[in-house]
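Below is one structure, written out as structure tokens, with a few remarks after it.
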Amino acid sequence: MQTNVYNAEMVSRDVDWNSVWKTLYEKNAECRGRGDCASIWATRDRARAFLAQSQERPERILKDIEGLPLKADSKVLDIGAGPGTLAVPLAARVAHVTAVEPAAGMAEVMSEHAREKGVTNLSIVRKRWEDVDYSKDLQGPYDIVIARHSLGMPNIRDAVKAMCEASSEWVYLFWFAGSTGWEKAMVDLWPKLHGREYRSGPKADILYNVLYSMGIYPNMETVQMEYARKFSDINAAVKEFREQYLISSPAQEEVLREHLQKSLSRTGDGLQDSMMTRQVRFWWNVNQHNQLLQEY
């Protein structure tokens, strides 16, 4: 996939893109009934299931890792590290990785995953990125700061600014372009389940505009990815999706069950939910960013 940089003249500075991001984030949070993206991953069982699912497509993780400018003596900061999907294999290649992860279940499973892989150069900060104290919680500056699919932050401008301050060289952000496969299903089902439309959160277009308004002109790469979740039977699928769709009544559960019976495909050992989504990778050198800021 070809790498490119957007023309700076394409984006207007007259719009407060950080406010646009925050508004979309808050409307999405209202739909989900949660103010914190980490809450869904509080249990070890869900975190374990997430890790197992991610390990079914190891080539995807390998591609993201190989796209980073890693060195044996690199220090890496992984923000919203989940169960260590990226952080644990990264630690095998660099001097040290600091993982920031607020969800209790995710942090516990990441620690277990690191022990299973014999990783000893990984430290875990169990906080939201917004609550991290740079001087007390981190061991920076870091050669590379990464936030992969973990930008559920209402004030993205301040979050990115803090990432730049924590980095001595590179920042890499991975986020979604357009509606994801799971959001498309929610758009269809939400009115039937809850009597109102589903509002998606901010995507890569808004993120790019926020970065531009900060004087950051990132490199970009877009890739299409397939996600697949497997279930032993329809009851297991309903149980898995109940929390995601905020099911609280038998009538709602029946709507969900009918949807899953139509949308899930049969595999040799059960059912599978397959979907396509697009990921955008943004990256920039913070030293060049500082030079650009000085020009304004």
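The values are calculated or read from the model by the stated rules, or taken from the named source; none is laboratory data. Please read all numbers here as calculations on a predicted model, not as lab measurements. All Cβ positions, even for glycine, are placed from backbone atoms using ideal geometry, and neighbour counts span all protein chains on display.
Observations
- Flag for Ser168 being more than 30 Å from Ala251 (Cα to Cα), over 20 Å from the mean Cα position of the chain (by Cα) and modelled with pLDDT under 95: no
- Flag for Val223 being assigned to a strand (DSSP E or B) and at pLDDT below 95: yes
- Qualifying residue in the stretch 128-143 (condition: closer than 24 Å to Trp284 by Cβ, surrounded by 22 or more Cβ atoms within 10 Å (Cβ to Cβ), touching a residue at least 60 places away in the same chain (Cβ under 8 Å) and more than 19 Å from the chain's Cα centre (by Cα)): yes
- With respect to the stated conditions, Glu197 is modelled with pLDDT under 95, of a type in the set (Asp, Glu) and outside any helix (DSSP H, G or I).
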